[in-house]
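S.K.: Please see the structure below; I have some questions.
The values are calculated or read from the model by the stated rules, or taken from the named source; none is laboratory data. Given the structure is predicted, the values throughout are model-derived calculations rather than measurements. Cβ coordinates were reconstructed from backbone atoms using ideal geometry, including for glycine residues, and neighbour counts include every protein chain displayed. Surface areas here come from the heavy atoms of the whole protein model, side chains and all, with no ligands, DNA or RNA. Shrake-Rupley method; radii C 1.70, N 1.55, O 1.52, S 1.80 Å.
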Amino acid sequence: MSSAPSAVLEADHRELVDAFESFVRRELVPLAADLPETDDQVPSDLRAYVRKRSAALGFYAGDYPEELGGSGMPFTAVVLLHHAAGRSGCPLAQYALAGSDGPSPLLRHGTPEQVQRYLVPLVRGEAARCLALTEPQAGSDAFRLTTTAVRDGDHWVLNGRKTFVSNADRADLALVVTATDLGTGAGPTAGATAFALPMDQPGLRIGQRYEGMSGEPLFELTLDQVTVPMDAVIGGAEGVGAATALAMDSLSRGRLVVAAMCNGVAEYALRLGVEYARERQAFGQRIGAYQHVQEHLVATRAEVEASKLLTLACARLVDDGTEAPENAALAKLTASETAVRAVDRSLQVHGATGWVRGHPLEFLYRYVRMMTIIEGTSEVQKVIVAQAMGLS
């Protein structure tokens, strides 16, 4: 493919992106070559190795301060790295950058003790975490919480059930969001509160396991009379009832990271489609010469370029101090829907070749579909944007 029009926006961090792509090619691609084609799950020990190695090179949680183990890079650079991971085509590349198992913006608001105990090991790739927010009867309405934290003297007692928790089986730490009862007898009155709980906390148990379409497992977490001290609240006393605002900050950055990964995956799928269309012969000529094949690939090119520009513009706004939820929602909506169409079109260009188990597009077809669901469904993103437009 020719150089992308939006490449000009990558110039500021070209050296960093080149270094990351070199790391992926040099170290991760050979490791990925040894993975079984019929197994979509990456072993936990291999994920941990990739995470630690990337952290040592300064890529993993690069936007965190150097004193915490990061590289102090701007958020725009982080977005470009996730884009590069997605377009690499290497299944291990996504684990080289902080995602749902890495440091959480929630912990940026932690007390100094919590930052040292929990955030620093996450930034350095030495530990993994999970986020327990979604509940069985809530789904997209994430803060309709039935899991409760009841104040009992100088402790909190947590009870409830969480579902669709990523990384629970390999996490060292769970970030658990609950409704808050101050123990006055009036029921939950203080809003949502986030707790940092070690996974070996008595009463915290991994429940049912779900297998996703792309092979990624999800889990239930049950909390049965989990008794924790006051300092388990993220942010200390000021964090009681403050989890909704803190989580929205976390979700906004998370959505831009998902958008960047989607743009990269879409670009990778487009590259596969273009290469195949240039080589495949049918009815006496390359299939790329046929108008209907060109329509698939050119339409994808236009949508991917527009989505990349939008995501990068939103990331730059974050660096300038503007973290409007509607910006992240619009970027995530656009990028995830674009990625689904890009993979679908490229698979159509490949025909049965792309449909066969073991082909990159067969996996991407299953993998990319979840991107319109995680970090808030496309419908939720539309609601956020509509509210910002004054339509509800």
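S.K.: Taking 8 Å as the Cα distance limit and 6 or more residues as the minimum spacing, I'd like the relative contact order of the chain as a percentage.
M.R.: Contact order relative to length: 15 percent.
S.K.: Same structure again: Among all the aspartates and glutamates, which ones have a C-alpha under 20 Å from residue 162's C-alpha, if same-chain residues fewer than 8 places away are not counted?
M.R.: List returned: 101, 135, 141, 172, 181, 200, 211, 216, 220, 224, 375.
S.K.: OK, next. About the Cα centre of segment 262-302, what is the dipole size in debye to 20, counting +1 per Lys and Arg Cβ and -1 per Asp and Glu Cβ, all else neutral?
M.R.: Using Cβ point charges on Lys, Arg, Asp and Glu, segment 262-302 gives about 80 debye.
S.K.: Now for a different question. GNM on the chain, C-alpha springs below 10 Å: top fluctuator among 119, 28, 81?
M.R.: Between 119, 28, 81, it is 28 that shows the largest mean-square fluctuation.
S.K.: In addition: Kindly provide the trypsin sites (Lys or Arg not before Pro) of segment 292-386 that DSSP labels as loop, not H, G, I, E or B, and whose Cβ sees at most 16 other Cβ atoms within 10 Å.
M.R.: 357
S.K.: Given the DSSP H assignment, sum -39500 (n - 2.57) over each helix run of at least 4 residues in the chain and divide by its residue total; what's the result at 222 nm in deg cm²/dmol, nearest 500?
M.R.: -13500 deg cm²/dmol
S.K.: Tell me, how many Å apart are the Cα centres for segment 355-384 and for segment 222-247?
M.R.: Using only Cα atoms to place each centre, the spacing works out to 32 Å.
S.K.: Along Cα→Cβ, 7 Å out, is where each label goes; now give me the distance between the ones at residue 66 and residue 326 in nm to one decimal.
M.R.: The answer from the label model is 3.9 nm.
S.K.: Cut-off 10 angstrom, C-alpha nodes, Gaussian network model of the chain. Which of 129, 144, 280 fluctuates the most?
M.R.: Highest fluctuation of the listed residues: 280.
S.K.: With charges set only on the Cβ (+1 for Lys and Arg, -1 for Asp and Glu), what does the dipole of segment 228-314 come to about its Cα centre, in debye to the nearest 20? Please list the in-between numbers first.
M.R.: Details: 8 positive and 9 negative charges, 89 e Å.
Around 420 debye, computed over segment 228-314.
S.K.: Rounded to the nearest 10 Å², what accessible area does residue 250 have for a 1.4 Å probe in the complete protein model?
M.R.: About 20 Å², ignoring ligands and nucleic acids.
S.K.: Could you pull out which residues in segment 344-360 have an amide N less than 13 Å from a spot 7 Å beyond the Cα of residue 282, following the Cα-Cβ vector?
M.R.: Residues 346-355 fall inside that zone.
S.K.: Which residue, 363, 11, 228, has the largest displacement toward the positive end of the dipole of the chain when charges sit on each Cβ (Lys, Arg +1; Asp, Glu -1)?
M.R.: 363
S.K.: Something else about it: What is the Cα centroid distance between segment 90-127 and segment 264-315, reported in whole angstrom?
M.R.: If you average the Cα positions of each part, the centres end up 35 Å apart.
S.K.: Still on this structure, I have one more. Residue separation times 0.36 nm, minus the C-alpha to C-alpha distance between residue 370 and residue 33: what's the value?
M.R.: 118.9 nm
S.K.: While we're here: Hey, which of these cross-link pairs are over 22 Å Cα-Cα: 308/332; 308/382; 52/308?
M.R.: Details: 308/332 11 Å; 308/382 19 Å; 52/308 29 Å.
Pairs exceeding 22 Å: 52/308.
S.K.: Starting from the residue with the highest accessible area, list 63, 152, 344 in decreasing order, probe 1.4 Å.
M.R.: Highest to lowest solvent-accessible surface, that is 152, 344, 63.
S.K.: When the expected Rg is taken as 2.2 N^0.38 Å, what fraction or multiple of it is the alpha-carbon Rg of the chain?
M.R.: Details: Rg = 21.7 Å, N = 392, 2.2 N^0.38 = 21.3 Å.
Cα-based Rg divided by the globular estimate yields 1.02.
S.K.: I would also like to ask the following. Which one, 254, 56, 270, is farthest towards the positive end of the dipole of the chain when Lys and Arg carry +1 and Asp and Glu -1 on their Cβ?
M.R.: 270
S.K.: Same structure again: Within segment 77-102, whose backbone N sits under 15 Å from a point 7 Å along Cα→Cβ of residue 316?
M.R.: The answer is 77-80, whose backbone nitrogens lie closer than 15 Å to the label point.
S.K.: Suppose R0 equals 51 Å; then what is the FRET efficiency for residue 116 and residue 211 from their Cβ-Cβ distance, rounded to the nearest 0.05?
M.R.: Using R0 = 51 Å, I get an efficiency of 0.90.
S.K.: Distances longer than 22 Å among the Cα atoms of segment 272-364: what percent of all pairs is that?
M.R.: In whole percent, the share of Cα-Cα pairs in segment 272-364 beyond 22 Å is 41.
S.K.: Can you give me the distance in nm between label points at residue 15 and residue 155, each placed 7 Å from the Cα along the Cα-to-Cβ direction?
M.R.: Going by the 7 Å Cα→Cβ label model, 5.5 nm.
S.K.: While we're on this one: List the chymotrypsin sites (Phe, Trp or Tyr not before Pro) within segment 299-392 that fall in a DSSP loop (any state other than H, G, I, E or B) and whose Cβ has at most 13 other Cβ atoms within 10 Å.
M.R.: none
S.K.: Compare the Cα positions of 20, 118, 91 along the charge dipole of the chain (+1 at Cβ of Lys, Arg; -1 at Cβ of Asp, Glu; about the Cα centre) and return the one farthest towards the positive end.
M.R.: 91
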